[in-house]
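Below is one structure, written out as structure tokens; comments come after it.
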């Protein structure tokens, strides 16, 4: 926040505002309004709480890059490529298939976090009768939300078999002053921990909800790393130094020492209650479902904490830029498995899991389909509902160009594959929960071996000679246009 203030990217709002709907409405107006007004927002006077609220921390390309210590999100590709240089291609090809064994070696060279005896996040400790979640300015974001929801958490659990830590971003609904509901979906690692624990006969598992701290920790919690991956060790690598950690006061977990607030407790695997509805990043309210309860055993915080939150809803919203950072970082790993890929784009209209645009360097027949099915076999990409493949000369960020290219080049009978498979937990259109139809569109230039015997037309393009000539004349033409 200090960096954002120095860069002119933070606006302080002293006016009293309510955490129920008002902060949400202000935040979305700022995000979707004029670009010059899109700032991180520090609400200094929140009704019903002495704790300020900050929203829209990652709401532009610039702020997302600042959060991760880069000038441009494309630098994340270079960082990932540098990481790949430490390993053989074969081992990282196995990375997507073998999982845990490769992942352990993947971070074996990273320094372990630094464990502190005292930490800023434990300057205030509340236990037993002092616990009261309603003292925190937890937001109600949309009118039909069931209640207040924690929306920007780092939810820490450990694998009950291996002890391997996982950090995920799962929303939490407040039930009462010491009970939360944990919305970890069926494809998430938190659910995997729940399933393993029940198989071992466990009724509860420890869980910590971390709010704030290093923004890289927040982003890492949202990124779709594979099971067995320790997100906090990843932050060590990204920052190039050990992350300071501290042991929780009531559970056997470690959390970032410089967090703002930590909620400690135990997830009761047998105490399932109705969670939702909640206005989600799909732009729709998600339906009521049963999820496990988190019974709070302690709340610790700084002496002057700030409560971080994000608002999701009809895209684009702030989570688009968090997803864009994920897209840029994971691209080199995807290229390692599918080397013909040039670029990818997950536009906000597709809310990440509904649409993936891919450009490839095509050299042989069937390659577009190979890429479609290859992507459906990679981790969370398996949930993508629509994959569109185009040739390498298409600018994926220009959605108008993509639409023109696809609609002109596709033969719907020949170039479309429709399959059934896993879809996102939040997909409300599928006939069955988390299982439904998916489409792949191969809009690449077709070769004779693919059944296209006609000549493929050449794309219209101006000559470089003429473009350079007009470049020299353009300043005078531009001045004439301005009159």
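The conditions of being part of a loop (DSSP other than H, G, I, E, B) and surrounded by 20 or more Cβ atoms within 10 Å (Cβ to Cβ) are not met by residue 41.
Looking only at the range 459-471, residues that are loosely packed, with under 10 Cβ neighbours inside 10 Å and under 30 Å from residue 414 (Cα atoms) come to 2 in all.
Within the range 164-190, the residues that satisfy the criterion of being over 28 Å from residue 381 (Cβ atoms) and surrounded by fewer than 23 Cβ atoms within 10 Å (Cβ to Cβ) are 174, 175, 176, 177, 178, 179.
Does the range 443-458 include one or more residues that are assigned by TED's automatic domain parsing to the domain that holds residue 390, under 30 Å from residue 286 (Cα atoms) and surrounded by 10 or more Cβ atoms within 10 Å (Cβ to Cβ)? No, the conditions are met nowhere in the range 443-458. From the list 240, 201, 212, the one residue that fits, being surrounded by fewer than 18 Cβ atoms within 10 Å (Cβ to Cβ) and either modelled with pLDDT of 90 or more or outside the structural domain of residue 73 (by TED's automatic domain parsing) (or both), is 201. Looking across the range 187-241, the residues that are touching a helix residue (DSSP H, G or I) at 6+ places or on another chain (Cβ under 6 Å) and farther than 18 Å from residue 330 by Cα come down to 205, 215. Condition check for residue 474 on (1) surrounded by 11 or more Cβ atoms within 10 Å (Cβ to Cβ); (2) assigned to a loop (DSSP other than H, G, I, E, B); (3) out of contact with any strand residue (DSSP E or B) (no Cβ under 9 Å at 6 or more places or on another chain): one failure, at (2).
Within the range 277-287, not a single residue is over 27 Å from residue 234 (Cβ atoms), assigned by TED's automatic domain parsing to the domain that holds residue 10 and more than 22 Å from the chain's Cα centre (by Cα).
For residue 419, the test of being within 28 Å of residue 284 (Cα to Cα) and modelled with pLDDT of 95 or more is failed.
Only one entry of 78, 62, 117 meets the criterion of being at pLDDT 90 or above and loosely packed, with under 14 Cβ neighbours inside 10 Å, and that entry is 117. Those residues that are more than 24 Å from residue 221 (Cα to Cα) and buried (at least 22 other Cβ atoms within 10 Å of the Cβ), I need them from the range 316-361; list them, please. The answer is 357, 358, 359, 360.
The values are calculated or read from the model by the stated rules, or taken from the named source; none is laboratory data. None of the values given here were measured: they were computed from a predicted structure. Every residue, glycine as well, gets a Cβ built from its backbone with ideal geometry; the counts of neighbours run over all protein chains shown.
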